[in-house]
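Asker: First, the structure itself, so that you have it in front of you.
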Amino acid sequence: MEYQKYDKRINAYEKLIGKLDKTVSIFSRIRLIIFLMLILGGILCFIKKQPTLFVINLLIFTVLFCVAVYFHNKYLNKRQEVLALKEINEINKKRIQGDFKEFKDLGTEFMKEGHPYESDLDIFGKGSLYQFLVMPMTPKGRERLSRALKDEEEFDVKYILKKQEAVKELSKTTVFRERLHGKSLVYNDKLIGYKKLIDIITSPCENLVSFGKVLISVISGATVVSIILAAFKVIPYFIPEILIILNVIILQLNKKERLEAFHLVGEQNKSLYAYKEILRLIERRNYSSELLKETKESLTKNNKSSYKSMNELYNIAEKLKNRQNGFYIILNMIFLLDYHYYIKLNDWKKSYSENIEVIIESIALFEELSCYSMLLKDMKGYTIPQFSNNREIDAQNIAHPLLVNKGISNYITLNNNERMWMITGSNMSGKSTYLRTIGINLVLAYAGAPVRSSKFICNKMNIYTCMRTGDDLEKSISSFYAEILKVKRIVSATNNKERVFFLLDEIFKGTNSKDRHKGAEILINQLINKDTLGLVSTHDLELGDMENENSFIRNYNFREYFENNEINFDYKLRKGVSETQNALYLMKLAGIEI
């Protein structure tokens, strides 16, 4: 089974976590021992009145303690990263087994009322396409995936072909993909919303003229020299004292603007660290597909990689984080550190801030494509779709992506000659699932992802659905009127010369049979003579007569069979109008006396 490869990786990571736990524990003990020896040595030196030994003891054990802390944190961080990699493999295993409904990210914040197909095709929410595809990633990566599934990006078939090429390349990079999403998982709580990060980085700093920069360097340099000369009694002490007082006064100038800039950047040090680590992973790899190569090249600004430039900003943020430290306050009065860091921050923003949106978008693109590539790598029965210049959809062995290991394969062939299939069949026979199968695979194709089909050829069409409808008490809308509103959107789209692919499930089910039949007949004739292709499911068997009246319509059906007094379904599509019924049987099962 495919998931067994993930079992091996999970087991390997569990063993590594065990080793890291021991290493972390060892350095934790070493750190404690060094600290106790530092205290004990200091007490002994104090008792024996050995100030020189006291200083030596302090220096040696302080250095040793810092080294122990460094290695303790290093292995602790390594453990967190390995834990994340283990979780990534567990996520992939669950997806293969069809247990993706356990994933926490439902994408519900991306739902859009009135979207042409989102609610009918289960794009967001529990058991949705988004939940099936999503991996731990940056806020922009999540948004980019959601926009692709909602078909909100301007469609360009050349760009989609580039995405497909990149997906194929990434499908062969298991280690890279798990590390990419592992980074986002480790630093998930540190990744702020990308819009806030962009605002912070692109916010203007006060521009210090070259003379001001030189003056700051001269004054701080003079202060340092005066302190040294005073220490050797070359000059009187009041000179460095005056210079330090002057520095304190200078530090009050434009203090509000500096502190605001420092606060905004300093508090984002963890978020900057997360982004720079993801950039390092992306930039150190070579790519063969055109889109990935172009994306990597876009990350270079002023002959410097985005990782290096982001690392510079992170280092500034790290130093600013320590501004409240007493040691920093003393050094600030001598070296004017606030101004030096403000100058560095200002210079960085002038050189690199305009590239921050490119950086965030590039990371998001890698994450989106990585989500798609897992379908090609891990899931059976997926292929890269082909795009046609003609109005058509032609698919073989097509199955519902969300029915993992359970979906029944079918087919579809719609084109200028066969523009609409009328799908009839009894209750629970598979009509609605078939419509969603076609719709969801089209969504994947238009996003640049693989589809669950052995062959899939399509043309770009705007998807519109009318499947699920319900009452809206707050808006005083009945289920029938809600259906009318969906139909209105479809008709308006065709009138606006859009190329439409429509999915109509049990059309006009909220009204009487006579009006339902007449209304459906009129709507179908209206749609079929526009720039459309589509599927209509219905219990109204008389609509099957439309095949004889319109050469663009074909009848197909799903049926059930009875065995040992039990109802069974094979969910296979057949030509013709349905000849089976099961409503009375199902009523009998419900306890209704027939």
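Derivation of every value follows stated rules applied to the coordinates shown; laboratory data play no part. Since this is a predicted model, take the numbers as computed values, not measurements. Here the Cβ is made from the backbone with ideal geometry for all residues, glycine too, and neighbour counts use every protein chain on show.
Asker: For helix 157-170, report the angle its Cα long axis makes with the longest principal axis of the Cα atoms of the chain; keep it between 0 and 90° and round to the nearest 10°.
Answerer: Rounded to the nearest ten degrees, it is 60.
Asker: Find how much the distance from Leu40 to Lys213 grows on full extension, using 0.36 nm per residue of separation minus their present alpha carbon separation; answer in nm with one decimal.
Answerer: 57.5 nm
Asker: Over 18 Å between Cα atoms, which of Lys94/Lys377; Lys5/Lys380; Lys74/Lys270; Lys380/Lys431 qualify?
Answerer: Lys380/Lys431
Asker: With the crude spin-label approximation of a point 7 Å out along Cα→Cβ, what separation in nm comes out for Asn495 versus Asn390?
Answerer: Taking the simple label geometry, Asn495 and Asn390 are separated by 3.2 nm.
Asker: Which value in Å is the Kirkwood Rh of region 382-589 over different Cα pairs?
Answerer: 17.8
Asker: For region 1-155, what D do you get in µm² per second when you plug the Kirkwood radius from alpha-carbon pairs into Stokes-Einstein at 37 °C and 0.692 mPa s?
Answerer: 164
Asker: What is the fewest-to-most order of Thr174, Thr532 by other Cβ atoms lying within 10 Å of their Cβ?
Answerer: Lowest to highest Cβ neighbour count: Thr174, Thr532.
Asker: Can I ask one more? Around Asn459, under 12 Å between beta carbons, what's the net of Lys plus Arg minus Asp minus Glu among the other residues?
Answerer: 0
Asker: If each DSSP helix of 4+ residues adds -39,500 (n - 2.57) and the sum is divided by the residues in the chain, what number results at 222 nm, nearest 500 deg cm²/dmol?
Answerer: Value at 222 nm, helices only, nearest 500: -19000 deg cm²/dmol.
Asker: Calculate the FRET efficiency for Gln324 and Asp570 from the Cβ-Cβ distance with a Förster distance of 56 Å, rounded to the nearest 0.05.
Answerer: So, using R0 = 56 Å, E works out to roughly 0.20.
Asker: Mind pulling the angle between the C-alpha long axis of helix 174-186 and the longest principal axis of the chain? Nearest 10 degrees, somewhere in 0 to 90.
Answerer: Once rounded, the angle reads 70 degrees.
Asker: Also, quick follow-up: Multiplying the sequence separation of Glu361 and Glu542 by 0.36 nm and subtracting their Cα-Cα distance, what value in nm do you get?
Answerer: 59.9 nm
Asker: Of the cross-linked pairs Lys196/Lys319; Lys150/Lys488; Lys112/Lys195; Lys296/Lys350; Lys49/Lys319, which ones have a Cα-Cα span greater than 31 Å in the structure shown?
Answerer: From the list (Lys196/Lys319; Lys150/Lys488; Lys112/Lys195; Lys296/Lys350; Lys49/Lys319), the Cα-Cα distance tops 31 Å for Lys49/Lys319.
Asker: With each label point set 7 Å from Cα along the Cα-Cβ vector, what nm distance links Ile33 and Lys15?
Answerer: With each label point 7 Å from Cα toward Cβ, the separation is 2.8 nm.
Asker: Applying 1/(1 + (r/R0)^6) with R0 = 35 Å to the Cβ-Cβ distance of Thr413 and Lys518, what FRET efficiency is obtained, to the nearest 0.05?
Answerer: Plugging the Cβ-Cβ distance into 1/(1 + (r/R0)^6) gives 0.75.
Asker: Cut-off is 10 Å between beta-carbons; in what order do Cys458, Cys66 appear when sorted fewest neighbours first?
Answerer: With the fewest neighbours first, Cys458, Cys66 line up as Cys66, Cys458.
Asker: Determine by what factor the alpha-carbon radius of gyration of the chain differs from 2.2 N^0.38 Å, reporting the quotient.
Answerer: Compactness ratio reported: 1.33.
Asker: Out of all DSSP beta bridges with both ends in the chain, state the antiparallel percent to the nearest 5.
Answerer: Rounded to the nearest five, the antiparallel share is 45 percent.
Asker: What order do you get for 323-332, 107-116, 361-370, 87-96 when each peptide is scored by the mean count of other beta carbon atoms within 10 Å, highest first?
Answerer: My ranking of the peptides, most packed first, is 361-370, 87-96, 107-116, 323-332.
Asker: Quick one: dipole size for the chain, taken about the Cα centre, charges +1 on Lys/Arg Cβ and -1 on Asp/Glu Cβ, in debye to the nearest 20.
Answerer: 2900
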